[in-house]
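**Q** There's a structure below that I have some questions on.
Taken together, the values in this text are just the output of simple stated rules run on the coordinates, not laboratory data. If you're wondering where the values come from, they're calculated on a predicted model, not measured in any experiment. In this analysis, Cβ positions are derived from the backbone assuming ideal geometry, glycine residues included, and neighbour counts consider all displayed protein chains.
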Amino acid sequence: MKTCNFAVLYLLVSLFTLKAYTQETKTLEQKIDEQLKIFSSRFRYAPTQGPSDKRPHLYELGQSLFSDKRISMAGDTSCATCHQPQLGTGDGLPLSIGTGGTGDGLSRTQGSSTPTLRNAPPLYNKTHPGFQALFWDGRVSFSSKPKKLKTPNPNLNGENPVFDDIVSQLDNASAAQSLFPLINEIEMRGHNFSNLTDREVWDEVFNRVIKIEDYKVLFKRAFPNEKWNIGHVGKALAHFQDVEFSTRDTGWDKYLKGDLSALSLPEKKGALTFTRKGRCFMCHNGKHLTNFRFENIMVPHLSLNENFMDKGRGSIDKRKGAAFQFMVSPLRNVGLTAPYFHNGSMATIEEVIEHYNEPLESYNNYNEDKINELFEANYHMPFISKYTEEAENLLFRNASRSLHQFLALTEEEKENLSLFLKISLTEKRFVHLVQ
């Protein structure tokens with residue numbers, strides 16, 4: 001009888017404790033929801049929108065061009081070579097392997113190529129308003145009022161460009177950006193065509209494409225009664241990317257629309273760490289979680305060329321303060337886009353968090369062995385990580401004012417922040433890939 005009474009008492013105490021714990025958890029969650037509502041307003045967090053209206057013929061043309069290796073001069077590289085949908089619209093490699101490489105994605109090897117100098121940036125939402133400058137260094141930028149481009153080719157630039165026939169078709173930065181891998185010698189052009197001008201390469205690529213009967217049909221449907229050029233190729237590629245890579249179905253988007261159950265409690269804690277103690281909002285704010293600016297966050301050097309020192313925006317903007325600045329990336333689907341930073345020096349989001357937690361410590365202790373171990377089969381030579389003394393001094397001196405040198409995140413805070421980045425910001429159809 002006493003045993004029975006004890007069991008009943010134990011059950012009652014357990015139920016009371018569980019009820020109290022549940023109530024405490026609900027209260028905590030409600031407080032976090034209230035705080036996140038305030039921060040969402042303050043830092044302009046907002047759900048992303050869908051793509052522009054799909055134009056079926058233009059989409060079909062862009063889709064075909066995106067995956068067609070015949071738009072490269074050597075006929076061996078397409079846009080999809082470095083921007084594979086199944087690899088987070090990247091290639092999964094630290095530095096992309098362009099023309100002359102063999103294979104695709106994680107199995108792509110250097111072959112006869114010279115690897116590119118930077119990591120392939122993801123394409124998610126890059127066609128949306130706000131993305132007026134593209135590439136890690138922002139060397140292609142677009143403004144609409146008045147319509148004006150700024151690119152490495154001066155004949156495309158200004159309000160009255162020499163190549164007006166091309167520019168007239170380019171409606172956004174993405175359309176303009178898509179033309180430049182075509183003329184890059186280590187991406188899609190090849191060294192064998194270094195004697196040609198940019199316009200000659202663009203015309204040659206276009207002429208090859210338009211001789212293909214299937215493409216003639218697609219161009220006639222997408223652009224009836226027009227005189228076509230490479231600008232139409234850029235416009236079609238941009239439209240395809242706008243429809244295909246616009247990200248809006250994430251837990252974070254649903255949460256911002258009012259579905260408070262779209263995020264788990266740990267994810268909400270991660271969002272709070274992102275905004276408060278983690279100070280991520282300093283650069284990753286607004287609808288796309290980017291300030292669209294260039295920042296120097298003391299990323300460790302990583303290169304296959306010991307003579308190459310990537311100064312990022314400093315190669316475009318000659319002011320000393322621009323050295324080692326790179327474009328602040330948007331964060332939708334960031335869990336799919338490893339490895340991270342402009343040179344792919346960080347293999348996981350957890351490593352990225354550790355870097356931001358204590359940048360100087362991360363920089364000083366960085367070791368390229370992990371990247372070399374992961375990707376030794378892809379490249380002919382090992383990666384090296386060593387700045388010159390002059391470059392290192394400039395890197396430290398130009399470090400972003402938004403970069404805090406010691407966040408002191410706890411292990412629980414790091415774990416919750418990782419959950420927010422990997423789960424909350426990933427489209428639901430892809431979440432299983434990051435769990």
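**Q** Going by a ≥ b ≥ c, the root eigenvalues of the Cα gyration tensor, does the stretch 287-358 fall in the rounded group (a/c under 1.5), the prolate group (a/b larger than b/c) or the oblate group?
**A** Working: a/c = 1.95, a/b = 1.26, b/c = 1.55.
It comes out oblate by the Cα gyration axes.
**Q** Under a crude label model (7 Å from the Cα following the beta-carbon direction), how far is LYS31 from GLU412 in nanometres?
**A** 1.2 nm
**Q** Still on this structure: Please list the equivalent ellipsoid semi-axes of the stretch 150-267, computed as the square roots of five times the alpha-carbon gyration tensor eigenvalues, in descending order and whole angstrom. If you can, show how the numbers build up before the last one.
**A** Working: eigenvalues 260, 66, 46 Å².
Listed largest to smallest, the semi-axes of the stretch 150-267 are 36, 18, 15 Å.
**Q** Here's a follow-up. For LYS148 and VAL162 in the same chain, what is the full-extension length gain: residue separation times 0.36 nm, less their Cα-Cα distance, in nm? Walk me through the intermediate numbers first.
**A** Working: separation 14, 0.36 × 14 = 5.04 nm, distance 1.22 nm.
Fully extending the segment from LYS148 to VAL162 adds 3.8 nm.
**Q** Sort 148-158, 411-421 for me by packing, meaning the mean count of neighbouring Cβ atoms within 10 Å per residue, highest on top.
**A** Numbers: 148-158: 17.5, 411-421: 20.5.
Averaged packing, sorted descending, gives the order 411-421, 148-158.
**Q** Under a 5 Å amide H to amide H cut-off, with H placed in plane at 1.01 Å, what residues pair with GLY158 once short-range neighbours are removed?
**A** It is LEU149, by chain and number.
**Q** Do you know the relative contact order of the stretch 251-433, to the nearest whole percent, from alpha carbon pairs under 8 angstrom that are 6+ apart?
**A** Rounded, it is 34 percent for the stretch 251-433.
**Q** Name the long-range amide H neighbours of SER303: under 5 Å, sequence gap of 5 or more, or other chain; modelled H, no Pro or chain starts.
**A** Here ILE384 satisfy the definition.
**Q** Sort PHE341, PHE324, PHE223 so that the residue with the fewest other Cβ atoms within 10 Å of its own Cβ comes first and the one with the most comes last. If you can, show how the numbers build up before the last one.
**A** Details: PHE341 20, PHE324 29, PHE223 17.
So the residues, fewest neighbours to most, are PHE223, PHE341, PHE324.
**Q** How far is it, in nm, from the label point at PHE292 to the one at SER40 when both lie 7 Å from their Cα along the line to the Cβ?
**A** Here the answer is 2.2 nm between the modelled labels.
**Q** Using modelled backbone amide H atoms (1.01 Å from N, in-plane), which distant-in-sequence or interchain residues come within less than 5 Å of GLY90's amide H?
**A** The list, which skips near neighbours in sequence, is GLN84.
**Q** Let a ≥ b ≥ c be the square roots of the eigenvalues of the Cα gyration tensor of the stretch 216-366; is it rounded (a/c under 1.5), or, if not, prolate (a/b larger than b/c) or oblate? Write out the running numbers ahead of the final one.
**A** Values: a/c = 2.43, a/b = 1.24, b/c = 1.96.
The shape class here is oblate.
**Q** Now, a different point. Once phi is turned into θ = phi - 60°, what whole-Hz ³J(HN,Hα) does the Karplus curve with 6.51, -1.76 and 1.60 give for every residue of the stretch 315-326, x standing for Gly and Pro?
**A** My calculation for the stretch 315-326 gives 7, 9, 9, 7, 5, 4, x, 8, 4, 6, 8, 9 Hz in order.
**Q** Ignoring everything except DSSP H segments at least 4 long, calculate the 222 nm mean residue ellipticity for the chain; use -39,500 (n - 2.57) per segment, divide by total residues, nearest 500. Mind showing how you got there, number by number?
**A** Numbers: 16 runs with 165 residues, N = 435.
Per the formula, -11000 deg cm²/dmol.
**Q** Quick one: 3J(HN,Hα) in Hz for the stretch 35-48, Karplus 6.51/-1.76/1.60 with θ = phi - 60°, rounded, Gly and Pro as x.
**A** 5, 5, 5, 5, 5, 4, 6, 5, 10, 6, 5, 7, x, 7
**Q** Quote the relative contact order of the chain in percent (integer), defining contacts as alpha-carbon pairs under 8 Å separated by 6+ residues.
**A** 20 percent
**Q** Quote the Stokes-Einstein diffusion coefficient, in whole µm² s⁻¹, for the chain, based on the Kirkwood radius over alpha carbon pairs, a temperature of 4 °C and a viscosity of 1.567 mPa s.
**A** Numbers: Rh = 23.5 Å.
Once the numbers are plugged in, D ends up at 55 µm²/s.
**Q** Continuing with the same structure: Give LYS370/LYS414; LYS126/LYS254; LYS145/LYS287; LYS318/LYS414 a once-over and call out the pairs whose C-alpha atoms are over 25 Å from each other.
**A** Over 25 Å Cα-Cα: LYS318/LYS414.
**Q** Let me ask something else about it. Applying a 10 Å radius around every beta-carbon, put 371-380, 261-270 in order of their mean neighbour count, most first.
**A** Values: 371-380: 15.8, 261-270: 19.3.
Highest-to-lowest ranking by the protection proxy: 261-270, 371-380.
**Q** Any chance you could run the full-extension gain for ASP249 through HIS191? It's 0.36 nm times the residue separation minus the Cα-Cα distance, nm to one decimal.
**A** 16.7 nm
**Q** Please give the residues of the stretch 23-43, grouped as numeric ranges, whose backbone N is less than 11 Å from a label point set 7 Å along the Cα-to-Cβ vector of ASP259.
**A** What the label zone holds, given the 11 Å backbone N cut-off, is no residue at all.
**Q** Could I have the simple spin-label model distance between ASN365 and LEU106, label points 7 Å from Cα toward Cβ, reported in nm to one decimal?
**A** 2.7 nm
**Q** Rg and Dmax of the stretch 308-435, using alpha carbons, in Å: what are they?
**A** Gyration radius and largest Cα-Cα distance of the stretch 308-435: 16.1, 46 Å.
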